[in-house]
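What follows is a single structure, written as structure tokens, with notes after it.
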Amino acid sequence: MSQQTADNIIKIRSALPDSVKLVAVSKFHPAEVIKEAYGAGQKIFGESRVQELLAKKESLPSDIEWHFIGHLQTNKVKNIVPFITLIHSGDSERVLAEINRCAEKAGRKVNVLLQLHVAQEETKTGFTPDELALYMERGDWRAFTSIAISGVMGMASFVEDELQIRREFTAIRNVFDELRRRYFQDDGNFSVCSMGMSHDYRIAVECGSTMVRIGTTIFGEREY
Ligand SMILES: *Cc1c(COP(=O)(O)O)cnc(C)c1O
């Protein structure tokens, strides 16, 4: 059992190009299995609920890089801003403004990804490519001096059709390239195209992902 997590990590890492970072998505899994993954050299972990993250973090090594990947309620932003390495879920103007406000207060600059909505599912949060283009053009974000926009995050539809998945990942990558060209040409920090989960990360990597977020393939099924 315990060797399994380490084996999974090693297997996935060896299948990924060196240029692609692995976020081990540990949501709903206990601190003990995170320790096992850590023992296999994994340092980046992703969580999607603030309370759960705060509780687990206490008992785990301090050099873990925590990434937040779930929808963030504005009233909880302040709890993660002091330590979070990367927030993948910058999914609205409101949450970006709140991250900036809390980061300024905490005296640090917080890395954030702009979350894109390209999938067909209604429930997924994020900016559509059109909304994001308008938002970026308007330029209010330039006043957010305590956040560093580091790239984009997105999900493909949960479907069998590989062509559709490929089309959606390509759309996300195209937005990333276009934003970099227009607004971040001289900003080396704008470098993350976060896409790909357990069932579709191979396709995501082929479509230009630089960071994959994998839970089930590492830790097994989640019990909600
Ligand atoms: C849960 C989650 C993942 C990991 O999903 P798996 O299918 O378990 O690999 C990746 N990204 C986000 C945003 C998630 O919420």
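The values are calculated or read from the model by the stated rules, or taken from the named source; none is laboratory data. Everything numeric here is computed off the predicted structure, so don't read it as measured data. Reconstructed Cβ throughout: ideal geometry from the backbone, glycine too, with neighbour counts over all protein chains shown. Areas reflect the complete protein model, heavy atoms only, side chains present, ligands, DNA and RNA absent. Shrake-Rupley method; radii C 1.70, N 1.55, O 1.52, S 1.80 Å.
Descriptive notes on the structure:
- Residues within segment 158-188 that are in a loop (DSSP other than H, G, I, E, B) and open to solvent by 60 Å² or more (accessible area, probe 1.4 Å), tallied: 6
- Any hit, segment 58-72, residues being within 16 Å of the ligand (Cβ to nearest atom) and more than 17 Å from the chain's Cα centre (by Cα): no
- Taking segment 208-224 as the range and being at negative phi, surrounded by fewer than 22 Cβ atoms within 10 Å (Cβ to Cβ) and more than 8 Å from the ligand (Cβ to nearest atom) as the test, the residues that pass are T210, E221, E223, Y224.
- Considering residues of segment 195-207 that are near the ligand (Cβ under 8 Å from one of its atoms) and either in a helix (DSSP H, G or I) or polar (S, T, N, Q) (or both) only, the residue surrounded by the most Cβ atoms within 10 Å (Cβ to Cβ): Y201
- Hits in segment 136-156 - residues which are under 13 Å from Q120 (Cβ atoms) and surrounded by fewer than 16 Cβ atoms within 10 Å (Cβ to Cβ): none
- Residue within segment 26-41 that is of a type outside the set (G, A, S), in a loop (DSSP other than H, G, I, E, B) and either open to solvent by less than 10 Å² (accessible area, probe 1.4 Å) or more than 16 Å from the ligand (Cβ to nearest atom) (or both) present: no
- Matching residues in segment 117-135 - criterion: being assigned to a loop (DSSP other than H, G, I, E, B), of a type outside the set (S, T, Y) and either at pLDDT 95 or above or buried (at least 16 other Cβ atoms within 10 Å of the Cβ) (or both): V118, A119, K124, G126
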